[in-house]
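Below is one structure, written out as structure tokens, with a few remarks after it.
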Amino acid sequence: MVAVQSNALHRNYFTVLKSHDLPHAHANAKTMINTFATLLIFQTLGESLAYALSLPIPGPVIGMLLLFCYLLVKRGAAEKLAPTTVEFLKHLSLLFVPAGVGIMVHAHRVATEWLPIAAALLISTMVSLVVTAYVLRWLQK
């Protein structure tokens, strides 16, 4: 009896899924994969440039700048990337998991070097606030 009900539910679910959602889901999956591939390509380019040229700037930052230049030059690219990147931003908190694990792994080092870490955090936060305020003021003119 349970197998018959399960089979009926399975058949009904896939009938509904097949008739309505698959073309839309397939298009969304393809768009998401293309967007993710674009982001990874630019990050890889940034990492490669940073490594090849021994630059003191992190590769992902260089990749972000390259992506920014690409979006300025290529019309319509931002609109194609926007829906998927909005979905990525909804799960941004997951990107903090590796940082949290790193802090836990190196807890002894954080404990011994807490003063320079706290000073760097405080100073960088203040600099970010000041720069943001000046940029906002400049943009409002």
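The values are calculated or read from the model by the stated rules, or taken from the named source; none is laboratory data. Predicted model, so just to flag it, every value in this text is computed and none were measured. We place every Cβ from the backbone using ideal geometry, glycine too, and count neighbours over all the protein chains shown.
Residues to consider are Ala50, Ala29, Ala3, Ala8; find the one that is at pLDDT below 95 and closer than 22 Å to Val86 by Cα.
Just a single option satisfies the conditions, and that option is Ala29.
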Worksheet, complete the sentence: Glu79 meets each of (1) under 15 Å from Phe36 (Cα atoms); (2) surrounded by 10 or more Cβ atoms within 10 Å (Cβ to Cβ); (3) of a type in the set (D, E, K, R) with one exception, condition (2)
Item to complete: With the condition kept exactly as written, say whether any residue in the range 121-129 is in contact with a helix residue (DSSP H, G or I) (Cβ under 8 Å, 6 or more places away or on another chain), farther than 23 Å from Met64 by Cα and among the hydrophobic types (A, V, I, L, M, F, W, C).
Response: no
Worksheet item: When you go through Ala82, Ala133, Ala77 one by one, which is the residue that is of a type in the set (Gly, Ala, Ser) and not assigned by TED's automatic domain parsing to the domain that holds Asn28?
Response: Ala133
